[in-house]
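Colleague: For reference, the structure I am asking about is given below.
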Amino acid sequence: MRSFRRSAALPAGFILTFVLCSPRLCADEFTFHEAGARAAGLGGAFTARADDATALFYNPAGLAFLGGVRVKTNVLFGRRTTTAFLPDGGGVYRSSPSEIEGAHAVSWRALDRVTLAVGLFSPFSFQTRWPGTWPAGHGSRLAKARTVTLRPAVAVELFEGFAVSAGLDIVSASARWSHNLLFRMENYSLPREAYVESRHELSGHGLGWVAGALWKISPAVQIGARYQSPVAVDYAGENVFFVGWEMSSHRLPDPYGGQIYVQDLLDRFYRPQHVTGRQSFPLQIACGAALTPSERLSLYADVQWDRWSGFGDWTFRSVLPDDELSPEFSAVYQEFYGVSLNYGTQGVELGLRDAVKVKAGLEYRPGRNLAVRAGFARGRSSVGAADLSPVYPDLSANAYTLGLGYDGPVFSIFDEDERINDLSFDLFLRYSSAARATSARPGLEIGYDAGRFTFGVGVGLVF
């Protein structure tokens, strides 16, 4: 008993240290969602547990200890509400998009100590969608980014209690952005400001790899680690423009004689473009510890470092040089109106910083097949006040999770004694509350706060 208490002391101290004394942490808006409902119930602290098919996403080495054929599917639903407060009582606006995510994995014990697996999940995503009356549309009206990763992997138990793994990440990414562009001329004035809505829609692909290790030191103590390589994505897509009807009746002199409606002038100036962009989704290193001080109680803690500083900016560029953006808007037009073709590059500097995330979870088993879970995650904003923008208003936040799980046999409806397979069923509820912050970005000095609620379910079978 004394040796057990000594072996448990270090992981217990590890968990308490990172939950209670976690300085300079960063929020995880891009990586808020957990791929597994069981892991979500533990606050995402799953690197050292990794005991179902979703180990493929958290630590593929855990697959080496799973027998048979296992299938796990997870679906979550949520809504993130971000509230923007304009300075000097200028109004209150909300972005509140609904979220639906899924993650699915299959593993197979192909040989003794060797397991193969494949899964599909979305590790990185975010979205802001501001209402039509939003006055800061020059910063952003809608911004959305999402990746979908197909991951095949193999895990091998090298010796009893110690396993390693390797896998390939095949990534598909998409990005959408809508914002307003202000049209100004040096030689003519308009009765009101002329805005044009610019919409970007792009997609791209990338490749990466993942590796993991899991060591079951004793029945009471496990440690694990995961390395996920960065994935560079080269985007390609379209930039189209929508001119409003506010000045459809207003006319200006035409350099070739007569007059031209402002509407037609804007249509001639802004032409659809083929655009490109590049973003690098981060290198990740995660380490975790699991402690089981009794048969009914388990404690978990994870630390994860994400290299977001290499992500890049929210910037998209036309494949054409500026002087070729619109052949119809010739040099004669540019000189006559005092305007140049200047929309070839559009974007916002995100200013992302490397992030450290800490997650902790607790599981109590009141019965053999039933588990009650609780989790906590803590973080600070990944951007400073100078970079806070309506594209990506990432805020400091705490997240609290409750979960419930069942693991047990499934029997035939024709023969109550015939055991068909094993079933797992997991539920979780998660609430995240953010601290209010105010942007110092020139022209976008807006205050933000946010709240987020998600719930999800996971169902697994063992054959």
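The values are calculated or read from the model by the stated rules, or taken from the named source; none is laboratory data. Source: prediction; values computed, not measured. All Cβ positions, glycine included, derive from the backbone under ideal geometry; neighbour counts span all protein chains shown. These accessible areas exclude ligands, DNA and RNA; they are computed on the full protein's heavy atoms, side chains included. Shrake-Rupley method; radii C 1.70, N 1.55, O 1.52, S 1.80 Å.
Colleague: I need the full set of residues from region 433-460 which are among the small types (Gly, Ala, Ser) and open to solvent by less than 40 Å² (accessible area, probe 1.4 Å), in order please.
Modeller: Ala434, Ala437, Ser439, Gly447, Ala450, Gly451, Gly456, Gly458, Gly460
Colleague: Identify, please: which residue in region 74-91 is more than 19 Å from the chain's Cα centre (by Cα) and in contact (Cβ under 8 Å) with a residue 40 or more places away in the chain and is, among those, surrounded by the most Cβ atoms within 10 Å (Cβ to Cβ)?
Modeller: Ranking the candidates gives Ala84 first.
Colleague: From the residues in region 136-183 that are assigned to a loop (DSSP other than H, G, I, E, B) and touching a strand residue (DSSP E or B) at 6+ places or on another chain (Cβ under 8 Å), which one is farthest from Glu445 (Cα to Cα)?
Modeller: In the first step, residues of region 136-183 are kept if they are assigned to a loop (DSSP other than H, G, I, E, B); the result is 136-141, 160-161.
From what is left, the residues that are touching a strand residue (DSSP E or B) at 6+ places or on another chain (Cβ under 8 Å) are 136-141, 161.
Details: Ala136: 10, Gly137: 13, His138: 13, Gly139: 11, Ser140: 14, Arg141: 16, Gly161: 55 Å.
So the residue we want is Gly161.
Colleague: Of all residues in region 51-73, how many are open to solvent by 30 Å² or more (accessible area, probe 1.4 Å) and assigned to a helix (DSSP H, G or I)?
Modeller: 1
Colleague: While we're looking at this one, here's another question. Given the options Arg94, Arg109, name the one that is open to solvent by 50 Å² or more (accessible area, probe 1.4 Å), outside any loop (DSSP other than H, G, I, E, B), among the charged types (D, E, K, R) and modelled with pLDDT of 95 or more. Even if it seems obvious, please write down each step before you answer.
Modeller: Numbers: Arg94 fails: modelled with pLDDT of 95 or more.
That would be Arg109, the only listed residue that is open to solvent by 50 Å² or more (accessible area, probe 1.4 Å), outside any loop (DSSP other than H, G, I, E, B), among the charged types (D, E, K, R) and modelled with pLDDT of 95 or more.
Colleague: Cβ-Cβ below 9 Å, separation at least six or inter-chain, first residue in region 153-173 and in contact (Cβ under 8 Å) with a residue 40 or more places away in the chain, second open to solvent by 50 Å² or more (accessible area, probe 1.4 Å) and hydroxyl-bearing (Ser, Thr, Tyr): which pairs?
Modeller: Close Cβ pairs satisfying both conditions: Ala173/Ser203.
Colleague: Another question, if that's okay. Condition check: among the aliphatic types (A, V, I, L, M), more than 30 Å from Gly443 (Cα to Cα) and surrounded by 19 or more Cβ atoms within 10 Å (Cβ to Cβ). Does Ala289 satisfy that?
Modeller: yes
Colleague: Of all residues in region 432-457 being in a loop (DSSP other than H, G, I, E, B) and among the small types (Gly, Ala, Ser), which is nearest to Asn180 (Cα to Cα)?
Modeller: The qualifying residue nearest to Asn180 (Cα to Cα) is Gly443.
Colleague: Next up: Tell me yes or no: at least one residue of region 62-69 is modelled with pLDDT of 95 or more and either basic (Lys, Arg) or within 27 Å of the chain's Cα centre (by Cα) (or both).
Modeller: yes
Colleague: Please enumerate the residues belonging to region 296-340 that are in a loop (DSSP other than H, G, I, E, B), surrounded by 18 or more Cβ atoms within 10 Å (Cβ to Cβ) and hydrophobic (A, V, I, L, M, F, W, C).
Modeller: Within region 296-340, Phe311, Leu325, Phe329, Val339 meet the criteria.
Colleague: Can you tell me which residue is nearest to Phe162 (Cα to Cα) among those in region 195-230 that are of a type in the set (Val, Ile, Thr) and open to solvent by 30 Å² or more (accessible area, probe 1.4 Å)?
Modeller: Ile217
Colleague: Looking at this structure, is Phe311 within 29 Å of the chain's Cα centre (by Cα) and at pLDDT below 95? If you could, list the steps in order and put the result at the bottom.
Modeller: Details: within 29 Å of the chain's Cα centre (by Cα): yes; at pLDDT below 95: yes.
Here the answer is yes, as Phe311 does meet what is asked.
Colleague: Additional query: Only residues that are over 18 Å from the mean Cα position of the chain (by Cα) and among the β-branched types (Val, Ile, Thr): list them for region 259-285, please.
Modeller: Passing the criteria: Ile260, Val262, Val275, Thr276.
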